[in-house]
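**Q** Just dropping this structure here.
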Amino acid sequence: MKFQNNKPKIIAWELTRKCSLACKHCRAFTNSTLNTQSSELPIEKCFDIIDQIKSYEEEATLILTGGDPLLRNEIFEIGLLIDKDVIKKIKASGIQLVSMSLDGSSAFTHDEFRGIQGAFHKTLETVKLCIDNGIEIQLNTTLTRSNKDEIGQIIKLGENLKIKSHHIFIIVPVGKARKLQHEDLLPAEYEAILSSIGYAMINSPVRIRPICAPYFMRIMKQKFKNFELKRFSKGCIAGISYCFISYDGIVSPCGYFEINCGDLKIDDFKNIWENSEVFKKLRERKLYKGKCGKCEFLNLCGGCRARALAKTGDFLSEDPICSYVHTP
């Protein structure tokens, strides 16, 4: 199956790597790279990139991320430590949704993972402040061995807060997360937890979605025959309908995909998106190897290409944490 002519639907842009937290799984070592400001794209170049994206695909969703994008001085000129005054600026700037991380149902779990005492209560306060002032919230939760038994409680907490959506991330071993191999679950454990998330999603008022877990599509198709899969994109979309721009202008298929596919300081977005050899290979699923290449759910799932790269050095190899094996 080819995805050669797709234009990007979602673009995540890491405006800065500056961050006040010290998260154990940070892909970018953000807390230790507060001196990267000198490498950030200047504001004039940021405007130029926005113009390039808009002229190429005006309907694409642009996600401003980091680090902490609020620590980028020109954040409101381009598109944030949140208080009522900041909320007014968010609403005035046209930002449609704010995402925050919540990795535990208690301060003990969340603060230990995020590396800052008091982060849990500050997050809950900020979520409530945003929602009370008409700003929709997406919670992001990273699934690990340390919080796997709390996932149901974290989902329920998000529902009680009346958030809009909840993304549950499966760790990709890049950046600091290379040292978190002990937090990985076994393939069968991922399968069981993703199934339980599927049940929770069907009965929840919140839009719940696992991220970096493309086999969730296969699980839903197998276990929930009448579930409407059209609400999801097909499996791993890195380089197919999604890409990532780093703080210094490097384009890659996603934030966990450690390959330079083009530099916006010297090239334009359209050319990189259409002509990167890595992007072209990702869109040619007949090139996928191992059990992914043989799987009848290949076009629905595709496996996590960033995890394949991180674990094997080959982004076309099989995803090592999927438990499913096709039997001809």
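The values are calculated or read from the model by the stated rules, or taken from the named source; none is laboratory data. Computed from a prediction, not measured in an experiment: that's the story for all the values here. Cβ: placed from backbone, ideal geometry, glycine included. Neighbour counts: every protein chain shown. Surface areas here come from the heavy atoms of the whole protein model, side chains and all, with no ligands, DNA or RNA. Shrake-Rupley method; radii C 1.70, N 1.55, O 1.52, S 1.80 Å.
**Q** Give me the percent of DSSP beta bridges within segment 67-197 that run antiparallel, rounded to the nearest 5.
**A** Numbers: 0 of 11 bridges.
Bridges in segment 67-197 are about 0 percent antiparallel.
**Q** Helix-only mean residue ellipticity at 222 nm, the chain, DSSP H runs n ≥ 4 weighted -39,500 (n - 2.57), per residue, nearest 500. What is it?
**A** On the way: 12 runs with 111 residues, N = 328.
Here the helix-only value at 222 nm equals -9500 deg cm²/dmol.
**Q** Counting only protein heavy atoms and using a 1.4 Å probe, what share of the accessible area of segment 46-202 belongs to carbon plus sulfur, as a whole percent?
**A** 51
**Q** Setting aside same-chain residues fewer than 8 positions from Lys311, which aspartates and glutamates have a Cα under 16 Å from its Cα?
**A** Straight-line reach from Lys311, under 16 Å: Glu183, Asp184, Glu258, Asp319.
**Q** Once you've got the Cα coordinates, tell me which of Lys9/Lys128; Lys234/Lys286; Lys54/Lys265; Lys88/Lys128; Lys54/Lys89; Lys9/Lys234 are over 20 Å apart. Write out the running numbers ahead of the final one.
**A** Values: Lys9/Lys128 29 Å; Lys234/Lys286 16 Å; Lys54/Lys265 17 Å; Lys88/Lys128 15 Å; Lys54/Lys89 22 Å; Lys9/Lys234 13 Å.
In this structure, Lys9/Lys128; Lys54/Lys89 lie more than 20 Å apart at Cα.
**Q** Then there's this: Over 29 Å between Cα atoms: which of Lys148/Lys179; Lys156/Lys223; Lys164/Lys289; Lys84/Lys179 fall into that group?
**A** Over 29 Å apart, Cα to Cα: Lys164/Lys289; Lys84/Lys179.
**Q** Taking the Cα-to-Cβ direction at Lys148 and at Glu125 and moving 7 Å from each Cα, how far apart do the two end points lie in nm?
**A** Using points 7 Å along Cα→Cβ, the separation is 3.4 nm.
**Q** Assuming R0 = 35 Å, can you tell me the calculated FRET efficiency for the pair Lys84 and Glu274, based on Cβ-Cβ distance, to the nearest 0.05? Write down the numbers at each step before the final one.
**A** Numbers: r = 44 Å, r/R0 = 1.25.
Efficiency for this residue pair is about 0.20.
**Q** Please arrange Ile137, Ile82 by accessible surface area, largest first, computed with a 1.4 Å probe and ligands excluded.
**A** Ile82, Ile137
**Q** If you don't mind, there's one more thing I want to ask. Leaving out ligands and nucleic acids, and using a 1.4 Å probe, what accessible area per residue does segment 105-214 come to in Å²?
**A** Roughly 45 Å² per residue, with all protein chains present.
**Q** Rounded to the nearest 5, what is the percent of antiparallel bridges among the DSSP beta bridges in the chain?
**A** 15
**Q** Consider the candidate values (1) 59; (2) 34; (3) 30; state which one is percent of Cα pairs over 30 Å apart computed from the structure displayed.
**A** It is the value labelled (2).
**Q** Here is a follow-up. Roughly to the nearest percent, how much of the accessible area of segment 203-287 is carbon and sulfur, given a 1.4 Å probe?
**A** Taking all protein chains in place, segment 203-287 shows 48 percent carbon and sulfur surface.
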